[in-house]
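What follows is a short report on a single structure.
The values are calculated or read from the model by the stated rules, or taken from the named source; none is laboratory data. No experiment lies behind these values; they were computed from the predicted model shown. Here the Cβ positions follow ideal geometry from the backbone for every residue, glycine too, while neighbour counts run over all protein chains shown. Ligands, DNA and RNA are stripped out before the accessible areas are found, and what is left, the full protein with its side chains, is counted by its heavy atoms. Shrake-Rupley method; radii C 1.70, N 1.55, O 1.52, S 1.80 Å.
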Amino acid sequence: MTIKQLFAPSDMTEGTPWKKIVLFTVPMLLGNVAQQLYSTVDSIVVGRYVGDNALAAVGSAGPIYNLLLVLFMGVSAGASVMVSQYFGAKDREGLSKVIGNCLTLTAVTSLIIMIVGAIIIKPLLNLLGTPKSIIDWCYSYLMVLVLGIAGTSYYFMLTGILRGMGDSVSALIYLLVATVTNIVLDILFVAQFNMGVFGVALATIIAQILSAILSFIKLYNMRTVFDMGPKYLKLEKRYAGTTIRLGIPSGVTQMIFSAAMILVQSLTNTFGEMVIAANVIIMRVDGFVMMPNFSFGMALTTYAGQNIGAGKTDRVLVGSRQGTLIAAATSFIITGLVVVFGHYIMGLFTETEALIDLSRNMMKILALGYVAMAVTQCLSGTMRGAGDTVTPMWISIITTVIIRVPLAYAIAYFTRSAEHPTGSYLCLFISLLTSWVLGALITFIAYERGSWKKKGLVYTED
């Protein structure tokens, strides 16, 4: 493979399925790891140079920020499916209109998020009972991220379009550039200029704007497979409407997940700053451990989309099975390493020994669930790529709303004692593990039923 081919769109409708999937996944996995470094470096820098309370503030702000992003996440998910299927079908005109409509939709959603976010941040923080010791830091961190949301939105949308056309390498390169920029600015703004959590958020926004600019330049230079011009930016019901229709279930899924995280964060806040900080550390480590699952899931979305667009359903089945097995094996190995070396990993975030031990014990509870999540992400990715975004939405509602949140509160209620008046903090992680395992089982059943095979946008099997 030449350098030029490495950075070119990839046709996943030909060749050995597992090789195509792995070659596409590896750059994306590295990119997702780099992306996770954004929040991880933020946490390390804040924890080391500002303190444990500032670390708790950054973590507490995360669920609220994710809730504000759900509208854009929905549009982005729908766009990914549209791009992969039209690219697989070799429909140049349709692909051009999909991309143009996506660029316009991103501008609209960014403006909405910016306005709504600025209004609801402070009330949400108060509603959730955010400790007074960290609420001002949370507000400062979130306001910077919301005001710079356009850079973040276009970054995710543009790299999603590139991946939909099979180019995961370019997205990786631009993300690495942005990650290095973020790390340098984090240290400069916090360690040198003493800007605290405000500086961390500012560094993240600047880095993502840079990555968005680089991604747009790359996309503009890929006009051998699609056209770009003012006429393609005009919203059309067939393309914008379908993108939104496909994206709504994904957006609802993200909204439900984020709302659930906020409810769980509210419960977490009752356990005090130490548990809040430990939860932040776990979620940062979890982000890395979960990366192979997310990466293979995203790869299978593109793979399924292109092959469904080309009318090759049998090839989708083979690739989905192979990709899921590889993802599960990868997750098993990584989880084992994290459990064995957990003390050293948690020690990167804080020097407080009690906090390190608390975080490590929490991680041991979750360990068994990551292989289950590999199954969920891969099979859900296949269904989404085929155009079935509704089934994964319902599975997410069941596992989050019906299982995870009620179970967390129930365990907390029944474990109340004089020593732990609000219950055991273990409820946070036992409930999460349970939802992951049951979610994998439900997803497997839905996948085996096979209704997703008839959801193609460009090609529909008779």
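Take the alpha carbon gyration tensor of the stretch 319-462, find the square roots of its eigenvalues, order them as a ≥ b ≥ c, and report rounded if a/c is under 1.5; if not, report prolate when a/b exceeds b/c, else oblate. Provide the component values of the computation, followed by the final result.
Values: a/c = 3.44, a/b = 1.71, b/c = 2.01.
In terms of gyration-tensor shape, oblate.
Using Cα pairs closer than 8 Å and at least 6 residues apart in sequence, work out the relative contact order for the chain, in percent. It would help to have the intermediate numbers written out before the result.
Numbers: 749 pairs, mean separation 108.6, N = 462.
Relative contact order for the chain comes out at 23 percent.
As a length-normalised measure over Cα pairs under 8 Å and 6 or more apart, the relative contact order of the stretch 161-246 settles at 26 percent. Taking Cα atoms only, the orientation of helix 149-164 departs from the longest principal axis of the chain by about 50 degrees. Label zone (Ala367, point 7 Å along Cα-to-C-beta; backbone nitrogen cut-off 17 Å) within the stretch 268-287: 282-283, 285-287. In the complete set of protein chains, residue-level accessible area for Ile213 is approximately 90 Å², probe 1.4 angstrom. Checking the Cα-Cα distances for Lys20/Lys234; Lys19/Lys90; Lys312/Lys364; Lys97/Lys453 against a 30 Å cut-off, the pairs over it are Lys20/Lys234; Lys312/Lys364. Subtracting the Cα-Cα distance of Gln192 and Trp394 from their residue separation scaled by 0.36 nm leaves 68.0 nm. By the helix-only formula, in which each DSSP H run with n ≥ 4 contributes -39500 (n - 2.57) and the sum is divided by residues, the chain has a 222 nm mean residue ellipticity of -26000 deg cm²/dmol.
List residues of the stretch 372-401, by number, whose backbone nitrogen lies under 11 Å from a label position 7 Å along Cα→C-beta of Asp91. Taking a point 7 Å out along Cα→Cβ of Asp91, no residue of the stretch 372-401 has its backbone N under 11 Å. The stretch 161-236 and the stretch 434-449 have Cα centres lying 34 Å from one another. Taking trypsin sites (Lys or Arg not before Pro) across the stretch 61-131, the ones in a DSSP loop with at most 15 further Cβ atoms lying within 10 angstrom of their Cβ are Lys90.
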